[in-house]
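**Student:** One structure coming up, written as structure tokens, with questions to follow.
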Amino acid sequence: MREMTVLDELDRGLLHALHLDARAPFTKIAAVLGTSTQTVTRRYQRLTREAGLRVTGLPDPAGTRGQQWIVRLTAAPSTAHDIAHALARRDDTAWVRLTSGGTEIVAIVRAEPGAGNSLLLRDIPRTASVTSVSAHYLLHTYLGGPTAWRGHLDALSPAQQRELSRPAPTGEPVELGETDRVLLAALAQDGRAGYTALAAATGWSASTVARRVDELRGRGALFFDVEIDDALLGITASALLWMSVPPVHLDAVATELARHAELAVVAATTGRTNLLSIALCADTGALHRYLTTRLALPAITHLETAPILRTLKAVAPLVTPAGAASVRAGRGRPVR
């Protein structure tokens, strides 16, 4: 059980700084925060131990032509938990959650374009205890992925943010090579791994790794996410919101929702519903107020709310060794 229950101003500043540039040296972050490098290092290490802080590097589908599916599974209560854990152990899944009383599992599944997906096409249909499956292709992300939830971005002044902000990505999508994938796998485990460790993983020199990481970031093929226990930010009620919006209004509604501080994700999808959001609120009362006031837009013709009971996996791979690939079965020095 984690001992730390409150994030102070310096913790929040460090969290905000990491969202702006997850690989910024601690010396630079310390200068922006007005403290010492040793203090920032200790805070980072403490947050890692006690608050679930984790920096992870991820390929951005927009910059790599990758695909993402939102998969909803309904399973028997006796097996839903085991299936969710098996999904979480897979390398191609993220955000594995139990919702709706613990019988529904929602996960993001990543796939290469045109490569097919064994999870969708083979593993799930062969799982007898799964009673229903729906898959929604993620068409466009308005909030989430490279764009962080505003609850993580409320600590630094505009001047401080300018010192850490990186230029917006530019250029055409990147074709990833095999060594790029090894590099991305290493960054997924530790987004702040040093260039020497990344060189050992890839077989490239440290200078080549540094140039390639910078190139992938600059082209929008690689971004860094920062995970932390949101309960420490005062979040005790969260829910998936499945919405239907007429296509003519979809872009305007999604753009408006992306400005809402209560939402961590806003994405257009295929399927019976075409807009997905994740709401993070202080408590159930705050969630109710949000649903009945700010979210009550005339263009939203249907809303299904699925409370999130447990997150078994966020965006980063599990730290434990990978389990079996089928759903039926189940670091170097950081940047200073």
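The values are calculated or read from the model by the stated rules, or taken from the named source; none is laboratory data. Quantities reported herein were computed from a predicted structural model and do not represent experimental measurements. Methodologically, a virtual Cβ is constructed for each residue, glycine included, from the backbone with ideal geometry; neighbour enumeration extends over all protein chains shown. Calculation scope for accessible area: heavy atoms of the full protein, side chains included, ligands and nucleic acids excluded. Shrake-Rupley method; radii C 1.70, N 1.55, O 1.52, S 1.80 Å.
**Student:** If you take the residues of the range 191-239 that are modelled with pLDDT under 95 and of a type in the set (D, E), which of them is nearest to G171 (Cα to Cα)?
**Tutor:** The extreme case among them is D225.
**Student:** A follow-up question, please. Which residues, taken from the range 165-183, are at pLDDT 95 or above and within 21 Å of the chain's Cα centre (by Cα)?
**Tutor:** Of everything in the range 165-183, those that are at pLDDT 95 or above and within 21 Å of the chain's Cα centre (by Cα) turn out to be D180, V182, L183.
**Student:** Now for a separate question. Would you pick out the residues in the range 41-93 that are under 19 Å from the mean Cα position of the chain (by Cα), among the small types (G, A, S) and open to solvent by 40 Å² or more (accessible area, probe 1.4 Å)?
**Tutor:** Residue satisfying the conditions is A62 alone.
**Student:** Does any residue in the range 160-179 that is more than 20 Å from A31 (Cα to Cα) come within less than 9 Å, Cβ to Cβ, of a residue that is β-branched (V, I, T) six or more places away or on a different chain, and which pairs are these?
**Tutor:** That search, which allows pairs on different chains as well, returns P173/T64; V174/T64; E175/T64; L176/T64; T179/T202.
**Student:** Identify, please: which residue in the range 39-95 is part of a loop (DSSP other than H, G, I, E, B) and of a type in the set (A, V, I, L, M) and is, among those, farthest from D225 (Cα to Cα)? Before the answer, list the steps.
**Tutor:** Just the residues of the range 39-95 that are part of a loop (DSSP other than H, G, I, E, B), to begin with: 51-53, 60, 65-66, 76, 89-92.
Subset that is of a type in the set (A, V, I, L, M): 51, 53, 76.
Values: A51: 15, L53: 10, A76: 33 Å.
Once the filter is applied, the top-ranked residue is A76.
**Student:** Shifting gears a bit: Specify the residue that is nearest to D60 (Cα to Cα); the eligible residues are those in the range 219-270 that are surrounded by 19 or more Cβ atoms within 10 Å (Cβ to Cβ) and polar (S, T, N, Q).
**Tutor:** Only one residue fits best here, namely T269.
**Student:** Which residues, counting only those in the range 205-264, are within 26 Å of L309 (Cα to Cα), in contact with a strand residue (DSSP E or B) (Cβ under 9 Å, 6 or more places away or on another chain) and in a helix (DSSP H, G or I)?
**Tutor:** D230, L233, A254, L257, listed by residue number.
Per-residue answers, yes or no, for (1) out of contact with any helix residue (DSSP H, G or I) (no Cβ under 7 Å at 6 or more places or on another chain); (2) closer than 29 Å to A210 by Cα:
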site	(1), (2)
A30	no, yes
T35	no, yes
A62	yes, yes
I70	yes, no
S78	yes, no
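**Student:** Next up: Among all residue pairs at least 6 apart or on different chains, which show Cβ distances below 6 Å where the first residue, located in the range 72-95, is of a type in the set (A, V, I, L, M) and the second is part of a helix (DSSP H, G or I) and crowded, with 22+ Cβ neighbours inside 10 Å?
**Tutor:** A75/I83
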